[in-house]
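Engineer: Dropping a structure here in structure tokens format, bear with me for questions.
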2 protein chains.
Amino acid sequence: MESDPRQAAAVYRQAQGWKILAEFADLLRLPNVTRQTDDLEVNAAELVRRFEDRGASMEIARLDGAAPVVIGELRTEAPTAVVGVYVHYDGQPVDPDEWTFPPFSATLTTSAGQPVPYPGAGDPIDPEWRIHARGASDDKTPFAALTSALDALAEAGIARTVDLVFLFEGEEESGSPSLDRYLTELAPRLRADVWLLCDGPVHQSRAPQVAFGVRGYCGFDLTFYGPEHEVHSGHYGNWVPNPAFELAVFLAGCKDESGRVTIEGFYDDTAPITDEDRRAIEALPDVEASLMEEIGFAGPEVEGAGYAELLMIPSFNVRGLRAAGVGVEARNVVPSHATTSVDIRLAAGDDPEAMLSRVRAHIEKQGYHLVDDDPGPVDRRTHRRLARLVPTAGYRAARIPMDSPLARVLLDVCSRASHGDVVALPTFGGSIPLYLFEDILGAPVAILPIANHDNNQHAADENIRIANLWYGVDLWSVLLTTDFSSVRDDPVSG
Amino acid sequence: MESDPRQAAAVYRQAQGWKILAEFADLLRLPNVTRQTDDLEVNAAELVRRFEDRGASMEIARLDGAAPVVIGELRTEAPTAVVGVYVHYDGQPVDPDEWTFPPFSATLTTSAGQPVPYPGAGDPIDPEWRIHARGASDDKTPFAALTSALDALAEAGIARTVDLVFLFEGEEESGSPSLDRYLTELAPRLRADVWLLCDGPVHQSRAPQVAFGVRGYCGFDLTFYGPEHEVHSGHYGNWVPNPAFELAVFLAGCKDESGRVTIEGFYDDTAPITDEDRRAIEALPDVEASLMEEIGFAGPEVEGAGYAELLMIPSFNVRGLRAAGVGVEARNVVPSHATTSVDIRLAAGDDPEAMLSRVRAHIEKQGYHLVDDDPGPVDRRTHRRLARLVPTAGYRAARIPMDSPLARVLLDVCSRASHGDVVALPTFGGSIPLYLFEDILGAPVAILPIANHDNNQHAADENIRIANLWYGVDLWSVLLTTDFSSVRDDPVSG
């Protein structure tokens, strides 16, 4: 029998890869749009079943008004540490019209995007194939990787060296509004020496990656109000205030020509970029040119802005606009209201509440009266400038030292799993509520991504590249058999 | 028998008002959204039937790629002039979700908005009731007013004093792209001493109104491009260009704080406001305060801007915005594209082509490469600033002298029809392709509105107030029996 875990994983994939894909596809066919509670319950039950099949004790925990979380544990004989595994099973909303294949069809395609049938036993599997589905990469891949690694080790008779504790969340794509309550409530059952956040993509160079931080998050929907109902633009245009134009003026005033956000105090709390950070940034593979080619644009938002440096400061991103109609839906009216949705990614040091207060102050300084609900008739007739701010639940960024024992163990695990160079990323651009694990559970946290970077995460045609799924199986096979005692011995920084 | 036409109309309305409403409701139940050719054909056929029933010779004329027009004539024994009657039978698009009652249900309501059954013979009819439907006021009311006036005069045995020539258009709400071709083609059959454009609302004070001009129109949809597909805002926000933000910056830069459009040359061709215009404007009833109360806003777009003066200069109105999602549809992405729809109302002197050229130059001056179609992969990777301009077919404004014989006759007709003061409006804020009648048919044109101003024209819950429909019946009964020979004798200015 094979005793090298990475090799054991490879042998297992070779023989049973078709079964891994089939089982993963079944999971991806379960709709998992965030806030769709009935659908999420089906996902949670299926996860319980899958991990119980591998010998874990699993349970669904529920809090009022929140999607359920799945928790559980899988113990071993002589653990070197307890490793917590966080994955989220909800996905972003979908607009099926924008998808090439239905978002919950789990369509398997060639690298050129041509659908192919799922393989049967013995059929070859091209690692450049992809499975298309909401959740394929964000964030159901770790489930498939972990269960397959457990199967591979069992098949090869290799013993695990770590105890596992699981936390699978169902509200991450809604900003994790209940995660703090769940962690607080369940803390005694979530004790671990380290938590691994299994989310996000590997490096854009396709090299494996460990990330030592994530950005925080906050955001808002902001609606501007014009006439109570749409009015005829010929009769009333340029006399009745136009909320779509006010929205444009507001947004345009939020940044200067250098791309710097002009909201007062926006960068005040951001941790300075250290020399260590700069060295790490400089060591990153240079992917800007290939990213531009791949994503399809000719130059960055602001000339000379460096991609990796931007992740170290808070961002201000317009994620949507809506007012009356455009194209064939356009009507000759002054719109009655206009809404923009903005997300702000927080860097280390930034506080979401403070950030939203600055946004609020910025709006009010421009003479807007802010209402908490749709304005009533009196509001409209009293305040010339009227807007509604709906903040999105947010959280702080978090980072751990890049030279800690945890960092060293994980870089080594990835390196052994991939036989190659591993990228050490000071922080992810994406947001995960990692700070809560530090605050509530008192454990260090790192991020261990599996998905390909070009996975269309959050957008139409989300997909996972089979080679990345295979990397995930190998990664977990190695990790589950690695000596984590150095992490247990260093409880402060991990 | 009654020999006073206004009185004859009143008698007829009193006895047959229920039938007028029932017949009008049947017309309003025919969906008439512009560009929906099959639906428009049904409307055209129905109009032929209705006017043939009143003794007119009618015909449907068609040109390739255009909605049909309905033309016809109704002659009399000793005409004092030939009066051309223009009405359009298409309506603006509808978003049924925004309507209180379905847009083609022709729901009759009290002034408080409560549905009431249609009256039967002898039932009382409250003139403050309204019929709700797309097209109820813009622009099917003249059909009901005209056929009912013909019926009223026939019933009273009163002879008409004018010959009528009809032109009913089906593309007005799409910007009348084929009207010039139709007028040119059909000119020999559309000879008239004067054309009356029957569209638009009466004055906001509810006084009857004659308008001596209309504004012209042009517009555009402008789409800004970011990444080829939406990308994750955490990983790529503020590095990958955001088209929604670019759109905001562009729009905000189109006007200064005084509301003046900053597009170079925007006001260059606009006819100066004359002393005569100023006198007419000053004589208008002051309705600003009551309009603000009614429309529901606290102050004009720009402090101190006078409503009537604004109609004398070109406007720039944002009629819609669209990029990715907002609210529950919001996704954490950099949108791939963002579109705004803008309409520009042209004042006397302005040329639509010249105006669109200025817009184009304004965009290009900001470094945008303009494409005519969705950009291809090479465009995206070559041009950092990329946008697509889709111009909307437009036309010039038009006005006639306010002291011409035609003006005097029409003010007198309205005054006799309403027993009251009539508002003489130098120009409407709305747009109608009136200039074509002058250019191609060589006839003076004036606008004779019927609908209430608070009709939600172009928006949800469009409606007609019954009192305004009754005014229309009276107006046409008087007009059809008026001596128009002074107009025929003054072929230059009408």
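The values are calculated or read from the model by the stated rules, or taken from the named source; none is laboratory data. Quick caveat: nothing in here was measured; it's all calculated off a predicted structure. Please note: Cβ atoms are built from the backbone with ideal geometry, for glycine as well, and neighbour counts cover all protein chains shown.
Engineer: Cβ-Cβ below 9 Å, separation at least six or inter-chain, first residue in segment B:470-494 and within 20 Å of B:GLY213 (Cβ to Cβ) and assigned to a helix (DSSP H, G or I), second modelled with pLDDT of 85 or more and of a type in the set (Asp, Glu): which pairs?
Structural biologist: Listed by first residue and then by second, the contacts come to B:VAL487/B:ASP193.
Engineer: For the list (1) within 24 Å of B:GLY327 (Cα to Cα); (2) aliphatic (A, V, I, L, M); (3) touching a Pro at 6+ places or on another chain (Cβ under 8 Å), I need the number of the one condition that A:VAL162 fails.
Structural biologist: So the condition that A:VAL162 fails would be (1).
Engineer: Among the residues of segment A:352-367, is any facing chain B (nearest Cβ under 7 Å), crowded, with 21+ Cβ neighbours inside 10 Å and either on the phi < 0 side of the Ramachandran plot or not in a strand (DSSP E or B) (or both)?
Structural biologist: Scanning segment A:352-367, I find no residue that is facing chain B (nearest Cβ under 7 Å), crowded, with 21+ Cβ neighbours inside 10 Å and either on the phi < 0 side of the Ramachandran plot or not in a strand (DSSP E or B) (or both), so the answer is no.
Engineer: What number of residues within segment B:451-460 satisfy the criterion of being assigned to a loop (DSSP other than H, G, I, E, B), modelled with pLDDT of 95 or more and not polar (S, T, N, Q)?
Structural biologist: Total satisfying the criteria: 0.
The rows are residues; the columns are (1) more than 22 Å from the chain's Cα centre (by Cα); (2) β-branched (Val, Ile, Thr).
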residue: A:ALA9; (1), (2): yes, no
residue: A:ILE20; (1), (2): yes, yes
residue: A:VAL33; (1), (2): no, yes
residue: A:LEU40; (1), (2): no, no
residue: A:ARG49; (1), (2): yes, no
residue: A:ASP53; (1), (2): yes, no
residue: A:SER57; (1), (2): yes, no
residue: A:THR76; (1), (2): yes, yes
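Engineer: Among the listed residues A:PRO377, A:PRO401, which satisfies the condition of being within 14 Å of chain B (Cβ to nearest Cβ) and either modelled with pLDDT of 95 or more or surrounded by fewer than 16 Cβ atoms within 10 Å (Cβ to Cβ) (or both)?
Structural biologist: A:PRO377
Engineer: Residues in segment A:223-234 that are more than 7 Å from chain B (Cβ to nearest Cβ) and among the small types (Gly, Ala, Ser): how many?
Structural biologist: 0
Engineer: With within 30 Å of B:SER486 (Cα to Cα) and of a type in the set (A, V, I, L, M) as the only criterion, which of B:VAL85, B:VAL48, B:VAL42 stands out?
Structural biologist: Selected residue: B:VAL85, the only one of B:VAL85, B:VAL48, B:VAL42 that is within 30 Å of B:SER486 (Cα to Cα) and of a type in the set (A, V, I, L, M).
Engineer: Here is a further query. Of the residues that sit in segment B:172-191 and are touching a helix residue (DSSP H, G or I) at 6+ places or on another chain (Cβ under 7 Å) and of a type outside the set (S, T, N, Q), which one is surrounded by the most Cβ atoms within 10 Å (Cβ to Cβ)?
Structural biologist: B:LEU179
Engineer: In segment A:440-449, is there at least one residue being within 19 Å of A:LEU284 (Cα to Cα) and part of a loop (DSSP other than H, G, I, E, B)?
Structural biologist: Checked segment A:440-449: at least one residue is within 19 Å of A:LEU284 (Cα to Cα) and part of a loop (DSSP other than H, G, I, E, B).
Engineer: If I ask for residues that are within 12 Å of another protein chain (Cβ to nearest Cβ) and crowded, with 21+ Cβ neighbours inside 10 Å, which ones from segment B:92-106 would you list?
Structural biologist: Passing the criteria: B:GLN92, B:VAL94.
Engineer: Another question about this same structure. Looking at (1) more than 16 Å from A:ARG189 (Cα to Cα); (2) without any contact (Cβ under 8 Å) to a residue 24 or more places away in the chain, which one does A:GLY65 not meet, given that it meets all the others?
Structural biologist: Failed condition: (2).
Engineer: Another question, if that's okay. Among (1) over 17 Å from the mean Cα position of the chain (by Cα); (2) over 27 Å from B:PRO103 (Cα atoms); (3) surrounded by 24 or more Cβ atoms within 10 Å (Cβ to Cβ); (4) hydrophobic (A, V, I, L, M, F, W, C), which single condition is B:VAL473 missing?
Structural biologist: With respect to (1) over 17 Å from the mean Cα position of the chain (by Cα); (2) over 27 Å from B:PRO103 (Cα atoms); (3) surrounded by 24 or more Cβ atoms within 10 Å (Cβ to Cβ); (4) hydrophobic (A, V, I, L, M, F, W, C), B:VAL473 is out only on (2).
Engineer: In addition: Would you say B:PRO79 is more than 26 Å from B:ASP151 (Cα to Cα) and away from chain A (no Cβ under 14 Å)?
Structural biologist: Considered against the rule, which asks whether it is more than 26 Å from B:ASP151 (Cα to Cα) and away from chain A (no Cβ under 14 Å), B:PRO79 comes out as no.
Engineer: Mind telling me which of the residues B:PHE143, B:PHE212, B:PHE220, B:PHE168 ends up being of a type outside the set (A, V, I, L, M) and within 14 Å of another protein chain (Cβ to nearest Cβ)?
Structural biologist: Criteria check complete, one pass: B:PHE220.
Engineer: If I ask for residues that are out of contact with any Asp or Glu (no Cβ under 8 Å at 6 or more places or on another chain), within 7 Å of chain A (Cβ to nearest Cβ) and surrounded by fewer than 21 Cβ atoms within 10 Å (Cβ to Cβ), which ones from segment B:301-327 would you list?
Structural biologist: Within segment B:301-327, B:ALA305 is the sole residue that qualifies.
Engineer: Identify the residue in segment A:235-293 that is among the β-branched types (Val, Ile, Thr) and facing another protein chain (nearest Cβ under 7 Å) and, among all such residues, is nearest to B:ARG215 (Cα to Cα).
Structural biologist: A:VAL240
Engineer: Still on this structure, I have one more. State the number of residues belonging to segment A:337-351 that are over 27 Å from the mean Cα position of the chain (by Cα) and surrounded by 24 or more Cβ atoms within 10 Å (Cβ to Cβ).
Structural biologist: Total satisfying the criteria: 1.
Engineer: Could you please find all residues in segment A:435-477 being of a type in the set (A, V, I, L, M) and within 13 Å of chain B (Cβ to nearest Cβ)?
Structural biologist: A:ILE447, A:ALA451, A:ALA459, A:ALA460
Engineer: Name the helices (runs of 4 or more DSSP H) wholly within segment A:175-257 that hold at least 1 residues that are under 28 Å from the mean Cα position of the chain (by Cα)?
Structural biologist: A:179-186, A:243-252
Engineer: Further question on the same structure: Out of the residues in segment A:233-268 that are of a type in the set (D, E, K, R), closer than 16 Å to A:VAL359 by Cα and out of contact with any Phe, Trp or Tyr (no Cβ under 9 Å at 6 or more places or on another chain), state the one that is surrounded by the most Cβ atoms within 10 Å (Cβ to Cβ).
Structural biologist: A:ASP268
Engineer: Still on this structure, I have one more. Taking the condition surrounded by fewer than 23 Cβ atoms within 10 Å (Cβ to Cβ), within 13 Å of another protein chain (Cβ to nearest Cβ) and part of a helix (DSSP H, G or I), does B:VAL390 pass?
Structural biologist: No, not satisfied.
Engineer: Restricting to segment A:285-313, count the residues that are part of a loop (DSSP other than H, G, I, E, B), under 23 Å from A:ARG399 (Cβ atoms) and without any contact (Cβ under 8 Å) to a residue 60 or more places away in the chain.
Structural biologist: 4
Engineer: Next question, about the same structure. Report, ordered by the first and then the second residue, all pairs with beta carbons closer than 7 Å, sequence separation of six or more or different chains, a first member in segment A:413-438 that is closer than 17 Å to A:PHE166 by Cα and touching a residue at least 12 places away in the same chain (Cβ under 8 Å), and a second member that is outside any helix (DSSP H, G or I) and of a type in the set (S, T, N, Q).
Structural biologist: What qualifies is A:PRO433/A:SER176.
Engineer: Can you find even one residue in segment B:74-92 that is touching a Pro at 6+ places or on another chain (Cβ under 7 Å) and of a type outside the set (Phe, Trp, Tyr)?
Structural biologist: yes
Engineer: Identify all residues within segment A:373-387 that are in a helix (DSSP H, G or I) and within 12 Å of A:PRO241 (Cβ to Cβ); write none if there are none.
Structural biologist: Passing the criteria: only A:ARG380.
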